[in-house]
Structures are given as C-alpha cells and as structure tokens.
1. Scan region 101-126 for residues that are at negative phi, modelled with pLDDT under 90 and either crowded, with 16+ Cβ neighbours inside 10 Å or in a strand (DSSP E or B) (or both) and jot them down.
2. Tell me which residues, restricted to region 81-100, are surrounded by 16 or more Cβ atoms within 10 Å (Cβ to Cβ) and at pLDDT below 90.
3. Take region 167-180 and flag every residue that is part of a helix (DSSP H, G or I) and free of Cβ contacts under 8 Å to residues at least 40 places away in the same chain.
4. Residue 24 is checked against (1) touching a strand residue (DSSP E or B) at 6+ places or on another chain (Cβ under 6 Å); (2) at pLDDT below 85 and fails just one. What number does that condition carry?
5. If only one of 72, 65 is surrounded by fewer than 17 Cβ atoms within 10 Å (Cβ to Cβ) and either in contact with a strand residue (DSSP E or B) (Cβ under 6 Å, 6 or more places away or on another chain) or at pLDDT below 50 (or both), which one is it?
6. Which is under 18 Å from the mean Cα position of the chain (by Cα) and farther than 22 Å from residue 50 by Cα, of 111, 121, 91?
7. I want to confirm something. Restricting to region 127-141 and keeping residues that are outside any strand (DSSP E or B) and either in contact with a strand residue (DSSP E or B) (Cβ under 6 Å, 6 or more places away or on another chain) or closer than 17 Å to residue 46 by Cβ (or both), which single residue is modelled with the lowest pLDDT?
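The values are calculated or read from the model by the stated rules, or taken from the named source; none is laboratory data. Everything numeric here is computed off the predicted structure, so don't read it as measured data. Counting neighbours? That spans all protein chains shown, and the Cβs are built from the backbone with ideal geometry, glycine included.
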C-alpha cells in the first residue's frame with residue numbers, strides 16, 4: 001500500500017536521525033501519534049511502538065507474572081488474543097522495527113499511526129495505571145487472570161496496571177466507582193493524579 005510505504009520511509013528516516021520534520025502526511029507518523037496500530041481486515045489487533053519495552057499479551061500471563069518479557073527494539077500490546085501467535089512469530093523474525101512493519105505488510109496486515117487515547121494515573125510522580133472510558137479488559141501486571149483464556153472485563157472502563165504495589169488499592173476504588181467519571185473522582189480523592197495518556201500501554 002502507498003500509505004504503508006510512506007510510513008516505512010518516515011520510520012527509516014527517524015531511525016537514521018533524519019526524521020520528525022517532514023512535510024505532509026508522513027510527518028504525522030512520528031512520536032506525537034503515540035505508536036502505531038496494527039490492523040487485520042480493518043480490526044485492530046496490536047499496538048506497537050519503536051521503543052524497547054515489554055511484549056504484552058492479552059491471552060496468557062508471562063512465565064513469571066511480575067516479569068514482563070522485554071524486546072530490544074519495540075514495544076507491543078496485543079489487542080486480539082487470536083492474532084498473538086502469528087504476530088509474535090513475526091516479531092521474533094524481524095531484524096529491526098522497519099523490518100517488522102515489512103513483515104506485517106507481507107502477512108496481510110495494515111499499519112497506521114495510533115491516536116492518543118486514554119489517561120495515565122500517577123502516584124507520587126510515578127505512572128501506575130492506564131485507563132480509558134470504554135468497556136474493556138482489566139490487565140494486571142502482578143497476577144494472571146483466573147483463566148488465561150478469559151480476560152477480566154469491565155462494563156465501563158479499560159485499565160492496564162503498571163505497578164504491582166498499587167493494584168489492590170486501585171481495584172478497590174474501581175469496585176466503588178459507579179462510572180468512569182466517578183472512578184477519576186475517587187482516584188483524585190485518594191491522592192492520585194490523572195493526565196491524558198501519550199500512548200496506549
């Protein structure tokens with residue numbers, strides 16, 4: 001696809017230290033967009049960024065629940081359990097971030113800049129949770145869900161923990177909340193700070 005080629009060129013230039021100030025649509029493919037969304041048949045299946053970071057699964061916990069696997073040149077967060085195996089194989093095959101995008105294209109995936117979405121929750125200056133005001137999954141960094149094949153869902157929020165030590169308190173506040181706005185109010189009353197997120201978890 002033409003758009004994909006433009007995106008690839010922008011990423012390659014960024015990696016070489018030349019990107020970031022191109023004109024037109026390619027310029028929107030930089031860090032201000034908060035990574036990229038991978039789609040299959042129009043459906044989002046993965047969020048990816050070209051920074052070293054965790055490989056986050058929606059299907060099964062890592063072998064040691066408190067230790068997320070990290071990758072040397074990208075960060076990924078799965079949005080679809082059924083696609084995880086194929087996408088992980090492509091990650092392992094890739095040599096660098098542009099190569100991963102090339103492999104995605106060859107496998108029939110589309111990639112587009114991700115929009116900024118959701119909010120980050122901070123405690124004493126440390127980011128402890130990502131939240132969004134859409135029904136979705138509650139992702140724990142401390143312990144796997146009761147059944148790895150059945151993610152924990154919530155009727156009015158999506159949340160992803162960054163900090164094991166605050167998970168218990170955050171979950172109690174969420175159980176008390178009657179809406180997303182009420183949860184944000186409870187967070188602030190408990191001493192947390194809530195800011196617009198720069199990227200998905």
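1. Those that are at negative phi, modelled with pLDDT under 90 and either crowded, with 16+ Cβ neighbours inside 10 Å or in a strand (DSSP E or B) (or both): 113, 114, 117, 119.
2. Residues satisfying the conditions are 81, 84.
3. 167, 168, 169, 171, 172, 173, 174, 175, 176
4. If we test residue 24 against (1) touching a strand residue (DSSP E or B) at 6+ places or on another chain (Cβ under 6 Å); (2) at pLDDT below 85, just (1) comes out false.
5. Being surrounded by fewer than 17 Cβ atoms within 10 Å (Cβ to Cβ) and either in contact with a strand residue (DSSP E or B) (Cβ under 6 Å, 6 or more places away or on another chain) or at pLDDT below 50 (or both) holds for just one of 72, 65, which is 65.
6. Only one candidate qualifies: 121.
7. Restricting to residues being outside any strand (DSSP E or B) and either in contact with a strand residue (DSSP E or B) (Cβ under 6 Å, 6 or more places away or on another chain) or closer than 17 Å to residue 46 by Cβ (or both), the top hit is 141.
Here is a yes/no grid of residues against (1) at pLDDT 90 or above; (2) under 25 Å from residue 46 (Cα atoms); (3) surrounded by 12 or more Cβ atoms within 10 Å (Cβ to Cβ):
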{"residue": "150", "(1), (2), (3)": "no, yes, no"}
{"residue": "155", "(1), (2), (3)": "yes, yes, no"}
{"residue": "166", "(1), (2), (3)": "yes, no, yes"}
{"residue": "178", "(1), (2), (3)": "yes, no, no"}
{"residue": "185", "(1), (2), (3)": "yes, no, yes"}
{"residue": "190", "(1), (2), (3)": "yes, no, yes"}
{"residue": "198", "(1), (2), (3)": "no, yes, yes"}
{"residue": "201", "(1), (2), (3)": "no, yes, yes"}
